[in-house]
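For reference, the structure is listed below as structure tokens.
What follows draws every value from the coordinates through simple rules; no lab data is involved. Note that this is a predicted model, so its numbers are computed, not measured. A quick note on method: Cβ atoms are made from the backbone with ideal geometry, for glycine too, and the neighbour counts reach across all protein chains shown.
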Amino acid sequence: MTCYYPIIGLPRGIVSHLSYSTLTQNQRTSGSLRPRNHSLDMAIYAPRCEGWQCLDRFALPPAGDLRIRSSDYQLGPGELLVAVPLSRGEALDPADPRLPLPCSKKVDRSPVAERCSLAFTWRGVTSSYQGEYPVRMAQLEGGTLLSFDALLQTGANVGLNLLCLVNLGRGCRSDEHNLEVFVARSRRRLRSIPYRSNSCCVVEISPDEAAGGEIFMRSTTSLGIPIFITLSREDLPASMSVEHTHPPTELFSERDRMRGSRMIKRSWLGMPLQ
């Protein structure tokens, strides 16, 4: 599984930072205990009207991590950059408006993603998340999103929940989409938020709203990966948690995966809202 690695801009003084490791778990060749020497660059791209623009390109160190912060590029809430691993010195076509395909350090064909940590820092505390965005998702020009959430928190110490929907496409499109968020049991709509392709749609949900029942979200025109960030109250010591949900196909066993996903989509993508 090859992946892109998004870096997102967030509100409330939250700084996101990407940590990409030089080493991978499955980089040894068969019969050898010595890791292979992988010479890679990491290119940073930003979406522009005319296509993806390369802002920076770094050589990965021989050992350790390469860290990139949203504050280094003054990303505002909802803005997005993409880190792309490339072969050292690989020449790119400046006329191609698409993101280049990422290079992989793996030597086998296992479907396990090369992990990359996307961490968030707020008031001196940090929480991390597995930050990869699969290429196969980024290559789709359309699609639908639906996700139930049992991750929003409502305790006395909770100040705010943030729903961050990361949308990424290899082609630099600027299509407009709409994210609908509502209470699943009552089907009462909480939010209807417009956003564009290649951005992060950020929704603030208070503990009182989260206490109304399980939250459901949908988009009928785009894919995305939802990330949930919970912040403590401002008058309490800082704490933060980061979680994410999975698509409907992950709710079923392999044999029933596609059939179950289609059943859920029929029930929820076309349902009326209040």
Packing-wise, with mean Cβ within 10 Å as the measure, how do 169-181, 89-101 rank, highest first?
169-181, 89-101
Taking the Cα centre of each part, how many Å lie between region 66-103 and region 172-211?
26 Å
Derived scalar couplings ³J(HN,Hα) [region 170-185; Karplus, 6.51 cos²θ - 1.76 cosθ + 1.60; whole Hz; x for Gly, Pro]:
5, x, 7, 8, 10, 5, 8, 10, 9, 9, 9, 10, 8, 6, 5, 5
How high is the relative contact order of region 51-198, in percent, with contacts defined as C-alpha pairs under 8 Å that are six or more residues apart?
19 percent
Amide H of Ser241: which non-local residues (sequence gap of 5 or more, or other chain) have their own amide H closer than 5 Å, using H built in the peptide plane?
Thr230
Contour minus end-to-end for Thr2 and Lys265, with contour as 0.36 nm per residue of separation and end-to-end as the Cα-Cα distance?
92.0 nm
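Efficiency by 1/(1 + (r/R0)^6): what FRET value for Asp256 and Arg189, r their Cβ-Cβ distance, R0 = 35 Å, to the nearest 0.05?
0.70
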Relative contact order for region 140-268, counting Cα pairs under 8 Å that sit 6 or more residues apart, in percent:
34 percent
Name the residues whose placed amide hydrogens come within less than 5 Å of the amide hydrogen of Asp56, ignoring near sequence neighbours (fewer than 5 apart) on the same chain.
Ile44
Under 19 Å from a point 7 Å along the Cα-to-Cβ line of Ser21: which residues of region 119-154 have their amide N that close?
119-120, 127-134
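How high is the FRET efficiency from Arg12 to Leu92, r the C-beta distance, R0 30 Å, rounded to 0.05?
Calculated transfer efficiency: 0.25.
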